[in-house]
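The values are calculated or read from the model by the stated rules, or taken from the named source; none is laboratory data. What you see is a predicted model; the values in this text were computed from it and never measured. When we count neighbours, we look across all protein chains shown, and the Cβ atoms used for this are built from the backbone with ideal geometry, even at glycine. Keep in mind that these areas ignore ligands, DNA and RNA; they rest on the heavy atoms of the full protein, side chains included. Shrake-Rupley method; radii C 1.70, N 1.55, O 1.52, S 1.80 Å.
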Amino acid sequence: MEQRGAEEPPRIRARVPAQGRPEAVRDRHPADGDGAVTHAVAAPPAVSPVTPPTAGPATARVAAPEAPPAAPSAPSVRKPQRHSVRAQVLAALRDALLSGELAPGAVYSAPALADSFGVSPTPVREAMQQLATEGAVEVVPNRGFRVAERTPRDLAELAEVRAMLEVPAVLRLARTLAPERWEELRPLAAATVTAAGHGDCVAYAEADRAFHRALLALTGNRQLTLVAEDVQRRTSWPCAGTRVGVADLLADASDHMALLDALLAQDLPLIERIARDHLTGNRFLH
C-alpha cells in the first residue's frame with residue numbers, strides 16, 4: 001500500500017492564470033456590509049532552471065552557472081496621496097453630519113459612501129473610524145456605521161464639560177494677557193458673524209470652531225485646545241434636526257464680539273458671564 005505524505009495546507013482563494021496576470025480577490029471588512037475591497041495577487045516571477053554539469057574527463061571545463069535574470073524595474077507610477085484623500089473625505093463627512101445629510105440613527109456602509117464620493121472604500125472606512133472615536137458614529141458589525149443620536153441630556157452634559165474647560169482658561173488669560181492681543185481674534189469673530197448672516201450652519205460651525213481654537217491656543221496648552229475641540233465636535237447637532245435660524249446664529253456670533261469687548265476692558269465678572277452663557281445657553285447647543 002502506498003503511503004500518503006503529509007496533508008497539504010489549504011490554498012489561498014486565488015488562481016494565477018497561465019499568462020501570469022493577477023486575478024482579483026474580494027476581501028470583506030466586518031463593518032462594510034456588502035462592500036468588498038479588491039486585492040491583486042501577482043504571479044511569482046519565472047525562474048530559469050539550472051542544468052547540473054555532467055561528469056567528464058578531468059580536463060573538461062565546467063561551464064559557469066547561468067546568471068539569474070535581472071529583476072524588472074518598478075514602473076514610475078506616482079503613489080496616491082491616501083492621507084490627503086482621507087482628510088478630504090473626513091471633512092466631507094463632518095459637513096454631511098452637520099447639514100443632516102447623514103441622518104441620526106441611520107446606518108451607512110463604507111462602500112456605498114465611497115461610491116458617492118468617487119473614491120475607494122479604504123479612506124471612507126478610515127474616516128468613519130475617526131468619527132467613531134469622536135462619538136459621531138457607531139460601528140455596526142457586518143453593516144457599516146450608525147450615526148449617533150444625541151439626547152438633550154447628552155448635549156447639556158457636553159456643554160457643561162466645555163464650560164468647565166474653557167471658562168477658567170479664558171479668565172486666566174484675562175488676568176495675564178495684554179489687552180491688545182485680543183484684537184488678533186477680531187477677524188475670526190467677524191467671520192462667525194458673516195457665516196451667521198448667510199444662515200449657513202456648516203460654515204458657521206467651522207468659523208465658531210476656529211474662533212474657540214484660536215482663543216484657547218493663547219494659553220499655550222496644546223492638549224487643552226485638542227480636548228476642548230473634541231468636546232465641541234461632540235456637541236455638534238445636525239441643522240436639519242434643530243430649529244436653528246439666522247437670528248439664532250447671529251445672536252450666538254454676537255457673543256464672540258461681546259466677549260472680546262469685555263476682555264479688552266478686563267471686566268472679569270462680565271467675561272465669565274458671557275463665556276458661560278455662550279457655552280451652556282439654551283439658544284441652541286453647537
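Tabulated results
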{"item": "FRET efficiency, Ala217 to Gln129 (Cβ-Cβ, R0 30 Å, nearest 0.05)", "result": "0.65"}
{"item": "Gained length - Asp95 relative to Ala156, 0.36 nm times residue gap less alpha-carbon distance", "result": "19.7 nm"}
{"item": "Residue-level accessible surface for Ser116, protein heavy atoms, 1.4 Å, Å²", "result": "90 Å²"}
{"item": "Rounded FRET efficiency, nearest 0.05, which uses the C-beta distance separating Asn142 from Ser254 and R0 of 51 Å", "result": "0.60"}
{"item": "Inter-centroid distance (Cα atoms) of the range 188-212 relative to the range 87-102, Å", "result": "17 Å"}
